[in-house]
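One structure below.
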Amino acid sequence: MGIVLHLKKKEMACVEYSFHVPSLEELVVVLQKGLKGNFADVQVSVVDCPDLTKEPFTFPVKGICGKTRIAEVGGVPYLLPLVNKEKVYDLNKIAKEIKLPGAFILGAGAGPFQTLGFNAEFMPVIQIGSEHKPAMNGSYFAHINPADGGCLLEKYSEKYHDFGCALLANLFASEGQPGKVIEVKAKRRTGKLNFVTCMRQTLEKHYGDKPVGMGGTFVIEKGKAKTHIMPAEFSSCPLNSDEEVNKWLHFYEMRAPLVCLPVFVSKDPGFDLRLEHTHCFSHHGEGGHYHQDTTPDTVEYLGYFLPAEFLYRIDQPKETHLFGRD
């Protein structure tokens, strides 16, 4: 597993790391066994990626295959204890940093306040432009309705035309091609772990010191989920613990179907990673940061995943902490 550092003058540092990449068939066996300990009904298999341009996904590309990689950009220390407003990013530049011009990018991050004018949850779903494909921004952002404290979910491209994000982002990138993927069906949660944490901890337990990174998309087809949305205004007083952060956040119970964009890594190889991060959107006006389903007896998950070949750690904070990462 090699580590390569790219650092240009006046540009953010980018470190490249090679993940351990098990075969899809091996991952099926590992995930099937692990998920069975947390869900009553589990079915994991290798399938052809469904056409993700169709509902409920409505992505700008058909698949998540080809030159898979994970990028973690910035980090929670740029948001907490106090915001660092210098930390703004352009996903077009990120695509070049991860050596994948024309990348399809999805994941979870903080909204581009430099464009929005306020803080928000961001659900990047982006086809970076190339000579072969036009740029398409299918992203969503969720913010708090000042009138009633509810969720406002908006399609980014209906108001804005840039490809920005800010502060922190966990991204899964690929060529956006059709191909073989891991399909995971899980129903009726019997354990305490959420869907993503269960998969991540399963990989950690099986692969130990060989970090495995995965991403893709899943749908909560039935049930409800606990989510949060950050306030529009950044905190003016320092937030120094999970308890203080949770008092600042607004929590919701959102209903299926929810389309989720997970990025997770089994073990941090030493880059101060956020090990898992999942945001969700819907076609009924709800979206945010996914925590856990709240209806274990009826919940149904359907997901499509791939292991990432590489990790790119971009603009890693020099000073760090471990709160605010749930």
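The values are calculated or read from the model by the stated rules, or taken from the named source; none is laboratory data. Computed from a predicted structure; not experimentally measured. Don't worry about glycine lacking a Cβ; one is built from the backbone with ideal geometry, like all the others, and counts go over all protein chains shown.
Structural remarks
- Test result for GLY179, under 17 Å from the mean Cα position of the chain (by Cα), surrounded by fewer than 24 Cβ atoms within 10 Å (Cβ to Cβ) and either closer than 30 Å to GLN32 by Cβ or of a type outside the set (Ser, Thr, Tyr) (or both): no
- Tally, over segment 269-285, of residues that are out of contact with any Leu (no Cβ under 7 Å at 6 or more places or on another chain), within 18 Å of LYS226 (Cβ to Cβ) and in a loop (DSSP other than H, G, I, E, B): 1
- Some residue of segment 149-159 being assigned to a strand (DSSP E or B), in contact (Cβ under 8 Å) with a residue 60 or more places away in the chain and in contact with a helix residue (DSSP H, G or I) (Cβ under 7 Å, 6 or more places away or on another chain): no
- ILE94 vs. criteria under 15 Å from GLY216 (Cβ atoms), in contact with a Leu (Cβ under 9 Å, 6 or more places away or on another chain) and modelled with pLDDT of 95 or more: no
- Restricted to segment 1-29, and to residues there that are in contact with a Pro (Cβ under 8 Å, 6 or more places away or on another chain) and in a loop (DSSP other than H, G, I, E, B), the residue that is modelled with the lowest pLDDT is MET1.
- Contact map, segment 100-112: residues that are at pLDDT below 95 paired with residues that are of a type in the set (S, T, N, Q), Cβ distance under 7 Å, separation 6+ or inter-chain. Pairs shown: PRO101/SER130; GLY102/SER130.
- Considering (1) buried (at least 23 other Cβ atoms within 10 Å of the Cβ); (2) in contact with a helix residue (DSSP H, G or I) (Cβ under 9 Å, 6 or more places away or on another chain), the lone condition that PHE281 does not fulfil carries the number (2).
- In the condition set (1) buried (at least 16 other Cβ atoms within 10 Å of the Cβ); (2) touching a residue at least 24 places away in the same chain (Cβ under 8 Å), THR190 is compliant with all but (1).
- PHE251 touching a Ser or Thr at 6+ places or on another chain (Cβ under 9 Å), under 29 Å from LYS96 (Cβ atoms) and touching a residue at least 12 places away in the same chain (Cβ under 8 Å): no
- Condition broken by ALA225, with the remaining ones in (1) crowded, with 16+ Cβ neighbours inside 10 Å; (2) free of Cβ contacts under 8 Å to residues at least 24 places away in the same chain satisfied: (2)
- In segment 286-313, residue surrounded by the most Cβ atoms within 10 Å (Cβ to Cβ) [restricted to those that are part of a loop (DSSP other than H, G, I, E, B) and among the aliphatic types (A, V, I, L, M)]: ALA308
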